[in-house]
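Just so it is clear, none of the values below were taken in a lab; they were calculated from the coordinates. A quick note: this is a predicted structure, and the numbers were derived from the prediction, not measured. So basically every Cβ, Gly included, is an ideal-geometry build from the backbone, and we count neighbours across all protein chains shown.
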Amino acid sequence: MAYNIDKKNTEIPFYIQLKMILKEMIENDYTPGELIPTEIELQKRFEISRITVRDAISELVNEGYLKRKRGKGTIVLPKKIEEPLSKIKSFTDEMKERGFSPSTKSIDILITKAFDDVCKALNVKTGEQVYKISRVRCADNEPIVYFETYMNMNMKIDLDINEYSDSLYEYLKRVKKINIKYAEQRISACSADEKISNKLEIKKGEPVLLLKRKSFDEENKIIEYTKGYYISNRYEYFIKLKGE
């Protein structure tokens, strides 16, 4: 397909025209993970300024279509992931249903002291020991979310990190014989601090979605409390509402 910028059309800025062209190229010509042409190549191909090219790419990066990789170039990202708020699903199942390949980039498990919201969620005293599992989950090898999961010590979970490379809910069901009956969750917006930005490979201060979830078993007992930090331009939640 031939892509051209209409130089005679002064109503639509060139960077917007290029942005629209690049979106078409992403949808029709490229696959997730593939590099798009460099800024210089695009500048020469469309005979426009480097600043115009950079502005178009920056908008697509902000909207979650592209990602800049230092020392490599600009790659195409998988389509934005949607999750309905009405069902409990593990990240693994959620990704598989949408045609993505889920994976875990880093895992850490330790015993730590509980403070603030962790104490309230797990109903433990300040300073009481709890399990903490930290994981970066990916879709098609791209970081999507950083999870921090807390559990009471009476759960007596494994300290082998290999047990948590896949679905946590699957581990609980398979090893601990625990089925998650329901969950309570809250979603808010926040900025990535240094730790979150390093984990998700984004800039410090970038917006992220913070999901706080408490999961309960069939006896209404709290099983785990998770804080998930999602890259905001890669993930969104939706709710289907009914009229009266």
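Computed on the Cα trace of the chain, the radius of gyration divided by the Kirkwood hydrodynamic radius gives Rg/Rh = 1.06.
If the only charges are +1 at each Lys and Arg Cβ and -1 at each Asp and Glu Cβ, what is the size of the charge dipole of the chain around the Cα centre, to the nearest 20 debye?
Working: 45 positive and 40 negative charges, 75 e Å.
The dipole of the chain has a size of about 360 debye.
Here's the picture: a label point sits 7 Å out from the Cα of Glu34 along the beta-carbon direction, and within segment 1-21 the residues with their amide nitrogen under 15 Å of it are 1-3.
In order along segment 219-224, phi translates into HN-Hα couplings of 9, 6, 8, 5, 9, 7 Hz, rounded to whole numbers, per the Karplus curve 6.51 cos²θ - 1.76 cosθ + 1.60 with θ = phi - 60° and x for Gly and Pro.
With θ taken as phi - 60° and the Karplus curve 6.51 cos²θ - 1.76 cosθ + 1.60 applied, the whole-hertz 3J(HN,Hα) list for segment 190-200 is 8, 9, 6, 7, 4, 5, 5, 5, 5, 5, 9 Hz, x standing for glycine and proline.
For Cα pairs less than 8 Å apart in space and 6+ apart in sequence, what is the mean separation divided by the residue count of the chain, i.e. the relative contact order in percent?
Relative contact order for the chain comes out at 16 percent.
Each residue in Met151, Met25 was given a count of other beta-carbon atoms within 10 angstrom of its own, and listing them fewest first yields Met25, Met151. Annotation: amide H-H contacts under 5 Å for Tyr235 (H modelled 1.01 Å from N, sequence separation of 5 or more, or interchain): Ile81.
Altogether, the Stokes-Einstein calculation at 25 °C and 0.890 mPa s, with the Kirkwood radius of segment 14-76 over Cα pairs as Rh, returns a diffusion coefficient of 213 µm²/s. Among Phe100, Phe46, Phe91, the largest mean-square fluctuation in a Gaussian network model of the chain, built with springs joining Cα atoms closer than 10 Å, belongs to Phe46.
Extension gain for Glu128 to Glu218 (0.36 nm times residue separation, less C-alpha to C-alpha distance): 29.9 nm. The order of the peptides 27-40, 117-130 by mean Cβ neighbours within 10 Å, most packed first, is 117-130, 27-40.
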